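What follows is one structure encoded as structure tokens, with my remarks underneath.
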Amino acid sequence: MPAVLRSLPTPEAADLLELTRDLVDRELAPRVAAFEAAGEFPREVFRTLGKAGLLGLAYPEEQGGGGQPYEVYLQVLEELARGWSAVAVGVSVHTLSCFPVAQFGTPQQQERWLPDMLGGELLGAYCLSESHSGSDAAALSTRAVRDGDAYLVNGTKAWVTHGGHADFYNLMVRTGQAGPKGISCLLAAADTPGLQPLPPEKKMGMRSSPTASVLLEDARVPADRLLAAEGEGFTIAMSALDGGRLGIAACAVGVAQAALDVAVDYARERRQFGQVIADFQGLSFLLADMATQVEAARALYLSAARRRDAGQPYGPQASMAKLFCTDTAMRVTTDAVQVLGGYGYVEDFPAERFLREAKIMQIFEGTNQVQRLVIGRSLTRP
Amino acid sequence: MNIVVLVKQVPDTWAERKLDATDKTLDRASVDVVMNEIDEYAVEEALRIQADQGGEVTIVSMAPDRGVETIRKALSMGADKAVHLSDPALHGSDAVQTSYALAKVLGTLEYDLVIAGSEATDSRMAIMTPLLAERLGQPQLSGARKVTVDGGTVRIERQTDNGYDVVEASTPAIVSVVEKINEPRYPSFKGIMAAKKKPLTTLTLADAGIEADRVGLASAPSQVVEFSNKPPRQAGQIVKDEGDGGVKVAEYLASQKLV
């Protein structure tokens with residue numbers, strides 16, 4: 001696949017993108033189809049990415065991260081998603097899972113856990129949703145009660161990426177009153193007694209990324225695993241999600257780019273009526289629209305990322321990027337199936353898989369309706 | 001245990017490789033270049049021996065200026081320093097001349113082992129380590145699928161068609177490795193950053209004491225006299241199955257001596 005022309009802030013960022021493409025070509029692309037078909041989680045691929053330094057890019061070097069701005073980290077995610085979106089989403093979720101301890105942990109907590117988290121030895125999960133509280137996250141009901149030097153946790157978290165495979169779980173739990181102010185964040189180890197991941201969901205796409213509910217039955221989480229103070233969990237959750245939404249926006253552009261790549265290749269080879277179909281204007285206009293949307297989506301997430309890197313407020317912009325990039329991915333992947341015709345609808349070509357992968361992106365990390373809610377509020381209740 | 005690894009920059013194995021029409025040497029300008037794949041295994045093996053025994057790993061490469069990219073990759077994998085022999089007068093040197101030039105560079109270094117890939121994907125001659133061993137008067141252990149070092153002795157398992165031979169020599173020695181030997185690591189992002197600060201010495205012919213009339217196209221013992229492009233693929237032969245399709249296919253395969 002031709003390299004995407006990017007403007008990168010430093011020569012080291014260019015080297016990083018080259019390393020990423022090398023990893024995609026040699027480690028991701030040859031495996032994606034088989035792992036997606038089998039619904040198997042590629043734990044080894046994450047170790048390879050961790051050793052290469054790709055699992056902590058957005059965190060400071062002093063903490064063991066790569067010290068890269070979001071502008072660069074997100075373009076790495078996009079390239080990963082272009083090769084294997086379930087892996088890219090996994091990297092985004094892992095990066096999100098490191099955020100609470102990196103941003104709100106005490107120096108002792110950071111020293112204890114961050115090196116292995118950012119180095120990729122430990123894989124993370126983030127547990128906010130429950131079966132009855134999705135978009136209305138502050139209504140969560142999983143309860144944590146202080147018992148001596150630990151919290152006893154009871155409840156069920158839903159839609160947990162890496163559920164059953166993660167080494168640590170950020171648990172958003174209720175320790176106090178109803179509503180957002182009664183929520184706290186616990187960093188639970190996978191081997192916490194009473195923490196039990198349930199069998200993975202059977203999904204429409206992204207099957208190599210395990211998603212499971214996590215059952216908590218008198219799970220005993222040591223009190224020194226509380227991040228920030230009691231009652232600050234919802235603030236942590238929401239600030240983590242702003243960055244996470246940009247991650248998903250970048251993943252969506254990666255999938256859209258992959259679909260465009262496949263559509264262009266096919267249109268230049270497929271012959272009908274004595275010429276390649278790319279030479280029919282009707283089709284080339286379709287490709288032109290797809291390419292324009294991908295480029296616009298990329299520009300939008302980068303614009304939000306640069307606000308974040310500059311220390312400016314970027315919450316509404318992150319929501320706009322998530323909304324626009326994932327809607328774009330849905331349109332572009334649908335059009336790619338159309339370009340391939342019948343071949344787009346069968347599993348021998350990756351176009352139908354891209355379409356299935358794009359769909360979830362309009363839903364997770366805040367549905368696109370919730371994104372509109374955030375954007376609307378920023379306009380009418382500034 | 002100080003180890004020198006020889007790396008070669010070659011045209012991307014998957015690209016269409018060409019000769020330059022004017023002087024019939026390899027066209028390096030119009031293609032992407034990469035580190036010769038087997039050389040990554042050589043670098044990896046050196047790093048593994050170093051992790052076990054200590055010492056320094058030095059990369060040596062003879063290449064045009066652009067060869068720096070390949071040297072940096074080897075450094076980003078973890079090698080300590082590099083020597084880059086780069087001089088326009090080397091252009092068009094054949095294998096015999098290259099071995100003379102590399103032997104001169106190796107003569108400026110102190111090492112216990114030289115490790116190289118068994119062959120390069122552009123020339124496919126697999127001749128460099130024997131030529132170097134001859135010039136340097138040092139033992140050669142070729143085609144290693146395993147290397148063990150014990151004091152001043154190096155032992156390899158040499159891959160053969162039916163199994164392997166165990167071959168042993170005293171150091172300093174020259175070892176070539178095959179792809180079976182290990183799984184090369186990827187450079188890490190931190191390794192890439194660190195590689196930019198590692199010592200890289202660039203040598204000209206004069207720096208390495210190489211006599212100019214013993215290298216380069218004009219005095220090359222072997223030269224490409226003529227070349228032509230591969231003929232385009234012929235149209236296939238279509239056999240219509242009239243109940244005897246299997247027989248016809250078998251006859252065709254037999255006529256091509258494929259069965």
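For region A:238-253, check the following and say yes or no: at least one residue is part of a helix (DSSP H, G or I) and without any contact (Cβ under 8 Å) to a residue 24 or more places away in the chain.
yes
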Subset of region A:21-48 [part of a helix (DSSP H, G or I), surrounded by 17 or more Cβ atoms within 10 Å (Cβ to Cβ) and either aromatic (Phe, Trp, Tyr) or within 9 Å of another protein chain (Cβ to nearest Cβ) (or both)]:
A:LEU23, A:GLU27, A:PHE35, A:PHE46, A:THR48
From the list B:GLU45, B:GLU37, which residue is charged (D, E, K, R) and under 20 Å from A:GLU18 (Cα atoms)?
B:GLU37
Are any residues in region B:52-92 in a loop (DSSP other than H, G, I, E, B) and either without any contact (Cβ under 8 Å) to a residue 40 or more places away in the chain or surrounded by fewer than 23 Cβ atoms within 10 Å (Cβ to Cβ) (or both), and if so, which ones?
B:GLY54, B:GLY55, B:GLU56, B:ALA63, B:PRO64, B:GLY78, B:ASP80, B:SER86, B:ASP87, B:HIS91, B:GLY92
Can you find, within region A:271-312, the residue that is nearest to A:GLY247 (Cα to Cα) among those that are open to solvent by 50 Å² or more (accessible area, probe 1.4 Å) and among the aromatic types (Phe, Trp, Tyr)?
A:PHE285
Among B:GLU242, B:GLU168, the single one that is open to solvent by 100 Å² or more (accessible area, probe 1.4 Å), more than 14 Å from every other protein chain (Cβ to nearest Cβ) and touching a strand residue (DSSP E or B) at 6+ places or on another chain (Cβ under 6 Å) is B:GLU168
Residue set A:GLU111, A:GLU130; condition away from chain B (no Cβ under 14 Å) and within 24 Å of A:THR326 (Cα to Cα); output residue A:GLU130
In region B:102-119, the residues that are in contact with a strand residue (DSSP E or B) (Cβ under 6 Å, 6 or more places away or on another chain) and part of a strand (DSSP E or B):
B:LEU113, B:VAL114, B:ILE115, B:ALA116
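Table: residues versus (1) free of Cβ contacts under 8 Å to residues at least 40 places away in the same chain; (2) surrounded by 21 or more Cβ atoms within 10 Å (Cβ to Cβ); (3) hydroxyl-bearing (Ser, Thr, Tyr).
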| position | (1), (2), (3) |
| --- | --- |
| B:ALA95 | no, no, no |
| B:SER99 | yes, yes, yes |
| B:TYR111 | no, yes, yes |
| B:ILE115 | no, yes, no |
| B:SER118 | no, yes, yes |
| B:LEU131 | yes, no, no |
| B:GLU134 | yes, no, no |
| B:GLY137 | yes, no, no |
Failed item in (1) under 23 Å from the mean Cα position of the chain (by Cα); (2) more than 14 Å from every other protein chain (Cβ to nearest Cβ); (3) open to solvent by 50 Å² or more (accessible area, probe 1.4 Å), with B:GLU211 passing the rest:
(1)
Output for Cβ contacts, cut-off 6 Å, separation at least six or different chains, first residue more than 8 Å from every other protein chain (Cβ to nearest Cβ) in region B:184-201, second open to solvent by 50 Å² or more (accessible area, probe 1.4 Å) and not polar (S, T, N, Q), reads B:ALA195/B:ARG72; B:LYS198/B:LYS81; B:PRO199/B:LYS81
The lone condition A:ARG356 fails out of (1) touching a residue at least 24 places away in the same chain (Cβ under 8 Å); (2) touching a helix residue (DSSP H, G or I) at 6+ places or on another chain (Cβ under 8 Å) is (2)
A:GLY66: passes all of (1) more than 19 Å from the chain's Cα centre (by Cα); (2) within 13 Å of chain B (Cβ to nearest Cβ) but (1)
Kindly check whether there is at least one residue in region A:331-348 that is of a type in the set (Phe, Trp, Tyr), over 20 Å from A:SER85 (Cα atoms), open to solvent by 20 Å² or more (accessible area, probe 1.4 Å) and touching a residue at least 40 places away in the same chain (Cβ under 8 Å).
yes
State yes or no: is A:PRO2 at pLDDT 95 or above, outside any helix (DSSP H, G or I) and within 14 Å of chain B (Cβ to nearest Cβ)?
no
What about B:ALA218, is it open to solvent by 70 Å² or more (accessible area, probe 1.4 Å), away from chain A (no Cβ under 14 Å), more than 16 Å from B:HIS91 (Cβ to Cβ) and at pLDDT below 95?
no
Which one of the conditions (1) more than 13 Å from chain B (Cβ to nearest Cβ); (2) under 21 Å from the mean Cα position of the chain (by Cα); (3) of a type outside the set (S, T, N, Q); (4) closer than 21 Å to B:ILE192 by Cβ does A:ALA86 fail to meet, given that it meets all the rest?
(4)
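The values are calculated or read from the model by the stated rules, or taken from the named source; none is laboratory data. Keep in mind that this is a model prediction, so the values were computed, not measured. Note that we place each Cβ from the backbone using ideal geometry, even for glycine, and neighbour counts take in every protein chain shown. To get the accessible areas, we keep the full protein, side chains included, count just its heavy atoms, and leave off ligands, DNA and RNA. Shrake-Rupley method; radii C 1.70, N 1.55, O 1.52, S 1.80 Å.
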